[in-house]
Each structure stands twice: as structure tokens, then as C-alpha cells.
């Protein structure tokens, strides 16, 4: 009921000034009722000791009650209540986003919790949930790259595919240029006003046939903006290694090619970020979310449905009920 009321608006709210009639009508009824009361002097009450009809005594003011409710319903009806439904045209006015994420073995380092790969997945999924009107896709890269999910508005499918990515799906390595090129290729036919790639990696380009800067130049030609994110702490990070004695941890150096990632962002009009822990990575996604929301205006469509009929029906039913009571139960009584 509360949610329904939140969706209600009135086309003619000026008619609510007629609510002033309600206290006037009640006041007139009280004045009239008092004026009709008379006095009678008698010598004894014996003749008046018959059992009184308590029903008539309790409900004798039924008429003013029903008329007041009927007038209230009528005023609401002529004010024309309308329920408003709205939605956004995300196909023409939204943003197309490809998230390109590194799934190489180094992404298993645990300077982010539980590790870089899982932290990146969890935070990216929250980002996806906060952008229901955008088409979003997923590219993964390691020694090679491929599209895990093309651009889609069905974010439930996208999130399920995102949860399913693991290290070892493809040959190991870090092909940043290939990952970016695959992401840009997915946006080449997009007609969205804003086309974005979020590229997340923890290393340097070690393989692939396309250099990262070349991929950035291609992105620029296609009006694709690239936000690059370097993931990893400063210095050394704990990395799990399977041994005959179980999982052992060794310190591995963090080698993020920040210059290349900065160049990619600069060439395409994006921005480079460094995430050294979970909180900073989450904050980076929040910044990107804010930056991209500020770049476009989403067209809203509204549909209104008239809701006056139920109130008009209530008014008629209340007046009909008064007529029936006056013609039957309270026939001949003053009202």
C-alpha cells in the first residue's frame, strides 16, 4: 500500500481545496442536530421506561458519516489520481562497457583478499549490479585473450560467467595488448554515446602479437575510453606455492608496468589507477562509476494510468448505502 501511494500523483491537485467543505458539512450537521432538539416537561418518567433501541441510538449519525466519506472519495476522484511508471531507454542512451581482466598466475597473489583475482571479480560484480541500464561485457586475458561474455543487458548471465573465470583457463602469460585489442573489437559496432574499457592487470606485457600502446591507438580511433587499473601492493606480495608439504608462501616482487598503463589511459582519454588493497580497488570502481555517469544524460520515459475510477465507485457505493439504510433500517428517522 505504501509503495502504491509513492507512485501516485494528481493531475488536478487544486481540487483538494474542496476538503474545506468536510469540516463545514460536519459543523452544519452538529448545529442542525442541536437546533432540532427540544424540551418537554412531564410529571413522571413511567411512560418512558420502555427498552430503548440501542442500535438506532448508536448508529443514528450514520448519514453524516457516510456523506463525509463519500465527499472525500469524490474530491480525490476529481483530483485525478494517476499511477506513474517510468523506465530508461538503455539501448540508445546507455554506456557500453567491457571489463578486461588479467587471469594470469600472478593474480593468485594474496596481497588483496582472498587474492587479486577473486577480489577483482567480487568488486567488479558489485560495479555491474550498480549499473542496470548499461550493456556490459567481459574479456579475460593471460598468455592469450578471449571474450567470456559479449555486451549484454542481462547482467545475471554476465555475473554467472564472471564468477566462473579462473586462472588456468588459457595459456599463462600477460598479453595486455591482446586483452585490450579484444575488448576494443567488442565495442567497434557499438552505437552507444560512451564506450569504455576497464582494463585490470597486475604485471607487464610479456607476450602477444599486439603491443599495448598500439591497441590504445586503435581504441582512440574508435572513440573508446580506457581506464587502466594496476593491482598489487608496493614491493613484495605473498604468493601461494604447492609443495609436498602443502601450500607454502613465498614473497614475489610486484612488477606493474605503470608507465604503459598510464600511457594507455592518456592516449584514450581515460585514467590510470593503482589498487594496493581491496578498499582502494573498490574506490576505483566507484570513481569510474561516477565519471561515466556524469558524461551522459539518460532519457526517461513515463507512462501514467488514471486511478480515479475506484474512488468514484466508492463515492457512489457510500451514497447508495445511505439511501438503502434510510429507506429500510432508519426509515422515518431524522438524519
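What follows is calculated from the coordinates using simple rules that are stated; it is not laboratory data. Just so it is clear, the structure is predicted and the values come from calculations on it, not from any experiment. Virtual Cβ from ideal backbone geometry, glycine too; neighbours counted across all protein chains shown.
Each of residue 236 and residue 290 was given a label point 7 Å from its Cα along the Cα-to-Cβ line. The distance between the two points is 3.7 nm.
When DSSP assigns beta bridges and you keep just the ones with both residues in segment 90-293, what percent turn out antiparallel, to the nearest 5? Walk me through the numbers before you get to the answer.
On the way: 13 of 39 bridges.
Taking every DSSP beta bridge with both residues in segment 90-293, the antiparallel ones total about 35 percent.
Suppose R0 equals 25 Å; then what is the FRET efficiency for residue 35 and residue 324 from their Cβ-Cβ distance, rounded to the nearest 0.05?
Values: r = 27 Å, r/R0 = 1.09.
Calculated transfer efficiency: 0.35.
Here each label is just a point 7 Å from Cα along the line to Cβ, and for residue 206 and residue 309 those points are 6.9 nm apart.
Between the beta carbons of residue 161 and residue 10, assuming R0 = 45 Å, the FRET efficiency works out to 0.45 to the nearest 0.05. What shape does segment 90-293 have by the C-alpha gyration tensor, where a ≥ b ≥ c are the square roots of the eigenvalues, rounded means a/c under 1.5, and otherwise prolate means a/b greater than b/c and oblate the rest? Note, shape of segment 90-293 comes out prolate. Model label points for residue 146 and residue 113, set 7 angstrom from Cα along the Cα-to-Cβ axis, are 3.4 nm apart. Summarising the strand pairing of segment 155-260, around 55 percent of its internal DSSP beta bridges are antiparallel.
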